[in-house]
Ligand code: FES
């Protein structure tokens, strides 16, 4: 896709935090609007919208195991790789964002419509 294509999705790479700020099998919520969270599982780092698609609850508060996060409110599960809802009561996927590691720093690629002024400070 050409860089100046007006139909091209616009996004921004943002420094999220240091790798060691995200513990294995834990969520780490970033101060963006809408909020996104980092998850580290199976040696990989993932970035997803933080709000459960069932109701308004933070997925960073959930339980993480084998690249799946389970919402702490009603136990819907989401695949950290695809954002797919794996179990009821959620059926709508959570939006997933690209992650890049630069040394020990985590960068995430977020839509330009996301307010990222609160991260990477
Ligand atoms: S709010 Fe997440 S499962 Fe209900």
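Please treat every number below as a calculation from the coordinates, not as lab data. Values in this document were obtained by computation on a predicted structure and should not be read as measured data. Using ideal geometry, Cβ is built from the backbone for each residue, glycine included, and neighbour counts are taken over all protein chains shown.
On the stretch given as the stretch 62-72, residues that are within 9 Å of the ligand (Cβ to nearest atom), in a loop (DSSP other than H, G, I, E, B) and out of contact with any helix residue (DSSP H, G or I) (no Cβ under 8 Å at 6 or more places or on another chain) total 1. For the stretch 74-81, the condition holds for no residue, the condition being that it is in contact with a helix residue (DSSP H, G or I) (Cβ under 6 Å, 6 or more places away or on another chain) and within 9 Å of the ligand (Cβ to nearest atom). Kindly provide the set of residues from the stretch 23-44 that are assigned to a loop (DSSP other than H, G, I, E, B) and over 15 Å from residue 100 (Cα atoms), ordered by number. Scanning the stretch 23-44 gives 23, 25, 26, 31, 32, 34, 35, 42. Among the residues of the stretch 45-57, the ones that are touching a strand residue (DSSP E or B) at 6+ places or on another chain (Cβ under 6 Å), in a strand (DSSP E or B) and either within 16 Å of the ligand (Cβ to nearest atom) or under 15 Å from residue 119 (Cα atoms) (or both) come to 3 in all.
Scanning the stretch 52-76 for residues that are touching a residue at least 40 places away in the same chain (Cβ under 8 Å) and surrounded by 15 or more Cβ atoms within 10 Å (Cβ to Cβ) returns 52, 53, 69.
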